[in-house]
Amino acid sequence: MGDSILTAENLSIDFGGVTALENINLSIGQGEILCLAGENGSGKSTFVKIVSGVYSPSSGSVSIDGSLVDSHGPRGAISAGVQVIYQDLSLFDHLTVAENISINRMMHDGSKLVKRSAMRTIAAEQLARVGVELPLDERVSTLSVANKQLVAIARALSMDARILFMDEPTTALTTNEVKRLLKIVLELKNRGLSIVFISHKLDEVFAIADRIIIFRNGHKVGDFPAHELDEESLSFHMTGRRVSYARYHREPNDEAPLLQVQGLSRQGNYSDVSFDLRKGDILGLTGLLGAGRTELALSLFGLNTPDSGQILIDGKLTSISSPLHAMGHGIALVPEDRKAQGLFGAQSIRNNVSSNVIDSLVGRTRLIDRKAEKALAQTTVQKMNVNNKDIDTPVENLSGGNQQKVVIGKWIAREPTIFILDSPTVGIDIGSKQEIYDRIHALAASGIGVIVISDEPEEIIANCNRVLVMHEGVVLDRFGEADLRAPEFKDRLATIISDPGAHVKHVTVPLTSTSGNQQ
């Protein structure tokens, strides 16, 4: 690591009398990968927005190479070499790869004419710096999330970035795509770029970090060389408590399945999928993104009609043609994209919670019983431990973890019998993750059948008593609770997920068995 390139001194900022950051002092070295760790709402994003000029601090300063950075807008930070890749990437989907990479550079240089040859030259040069090839004339909307991430990095480099902030860059990437991205990040570091990496995935943090700075409740509570921490100690510093993920165990019973899926197929999505779901089951659907997991879940919720096969609920053949029909059969779905598909962002916690049960809140006057609605929202906030107790707060103002608690809570309000959760903890800090896991376990223990979709082996092992691995739309393997208890199973499952083509089929407990004694 070289000398400090960026220094923040006594940074503080208030929003409406509430202190979001207080007296933050830190430095970032030349050619260093600094991982910024902390729970949702700890102040990480606020710090990034101050450094990048989006927010002006109430007090304190930011210097680059000893010179103060103009805090009144992003232009000064960009000129000083600060670039931020946000979680949503902020790309123009309707523009080409070349246009996305070069547009900021050309605007910054004051170009008055669109020069296609210059655009392509800039884009090709920056992609070469990243070490990848992408079709320059391809619209960004057609790219995978991983390649969009590379376009965003190339765009940042085109602006002569000296410090690159990456906010949750691996959220929607597969295991192999994560490995490729981390390799590129390390290569950029070796070329002298300073990188601030923000991630809730602690294995990624330890894979690339030189140093870890920890925020909690707006304060810096730790600054460590990465080798001095492990996942347990880092979790403790982030949360102020010991965090552990208890394993789920289903109590045996002889009840018939709640849900039976038999030979379900949809061309281009999945083929010949069969499994049973019993009361108290937490069935994991895992595999790489694109394996057909989400498409299968959408079919069970009436949003992706299968071409063939059967769905039985409580032993009765059922055709689920719409979400309303699915809800009528007691099925709930927490979607993988909570912001776009699971919440009304501008609406309050109260309105989001009541949206799923609005009919039950309508009185004889055909008006909503506001007292009952308020009571429901308050009960949900308490039960789900949402940090913000003001039920009139717009959900878009909540942290990711608290937004997810609202999504789960509003479905619990419907008292479902089959609960599907697609990527339930993506982008969520470890403390909120533990609370959500505990809630999932409680739902299953109450007799609900739960399906958890995830590509994280740790999440599958902590929550599930049965696992179905999918690859390219087909069921690759099935595992029961005896498999999940094996000490080596985590590594084995990770290998299957990351390299399914090399997997030799191994079935120990068939999920379609009618035996009630399986666990």
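The values are calculated or read from the model by the stated rules, or taken from the named source; none is laboratory data. Please read these numbers as outputs of a predicted model, since none were measured by experiment. Positions of Cβ are generated from backbone atoms using ideal geometry, with glycine treated the same way; all protein chains shown enter the neighbour counts.
I'd like the full set of residues that are in contact (Cβ under 8 Å) with a residue 60 or more places away in the chain and under 16 Å from Gly427 (Cα atoms), limited to the range 202-223. Matches in the range 202-223: Leu202, Val205. You will find that of Ile198, Ile184, Ile153, Ile213, the residue that is at pLDDT 95 or above and either within 30 Å of Phe92 (Cβ to Cβ) or not basic (Lys, Arg) (or both) is Ile213 and no other. Counting residues in the range 430-440 that are among the hydrophobic types (A, V, I, L, M, F, W, C) and modelled with pLDDT of 95 or more gives one or more. Within the range 235-257, residues that are under 17 Å from Gly218 (Cα atoms) have Cβ atoms under 8 Å from residues that are modelled with pLDDT under 90 and surrounded by fewer than 16 Cβ atoms within 10 Å (Cβ to Cβ) in these pairs: Ser235/Arg242; Phe236/Arg242, counting only partners at least 6 apart in sequence or on another chain. For the residues Ala445, Ala486, the requirement of being without any contact (Cβ under 8 Å) to a residue 24 or more places away in the chain and either in the same structural domain as Gln260 (by TED's automatic domain parsing) or among the hydroxyl-bearing types (Ser, Thr, Tyr) (or both) singles out Ala486. Kindly provide the set of residues from the range 71-95 that are buried (at least 21 other Cβ atoms within 10 Å of the Cβ) and not hydrophobic (A, V, I, L, M, F, W, C), ordered by number. Within the range 71-95, Gln83 is the sole residue that qualifies.
Here the strands (runs of 3 or more DSSP E) wholly within the range 433-499 that include at least 1 residues being more than 18 Å from Pro416 (Cα to Cα) are 466-471, 474-479. Within the range 1-32, if we keep just the residues that are free of Cβ contacts under 8 Å to residues at least 24 places away in the same chain and not in a loop (DSSP other than H, G, I, E, B), the residue that is surrounded by the most Cβ atoms within 10 Å (Cβ to Cβ) turns out to be Ser27. Residues in the range 33-61 that are hydroxyl-bearing (Ser, Thr, Tyr), touching an Asp or Glu at 6+ places or on another chain (Cβ under 8 Å) and in a strand (DSSP E or B): Ser61 alone. If the condition is being under 17 Å from Lys339 (Cα atoms) and either touching a strand residue (DSSP E or B) at 6+ places or on another chain (Cβ under 8 Å) or surrounded by fewer than 21 Cβ atoms within 10 Å (Cβ to Cβ) (or both), then the range 427-444 contributes no residue at all. Please count how many residues of the range 110-148 are surrounded by 12 or more Cβ atoms within 10 Å (Cβ to Cβ), within 22 Å of Ile78 (Cα to Cα) and modelled with pLDDT under 90. Residues in the range 110-148 being surrounded by 12 or more Cβ atoms within 10 Å (Cβ to Cβ), within 22 Å of Ile78 (Cα to Cα) and modelled with pLDDT under 90: 4 in total.
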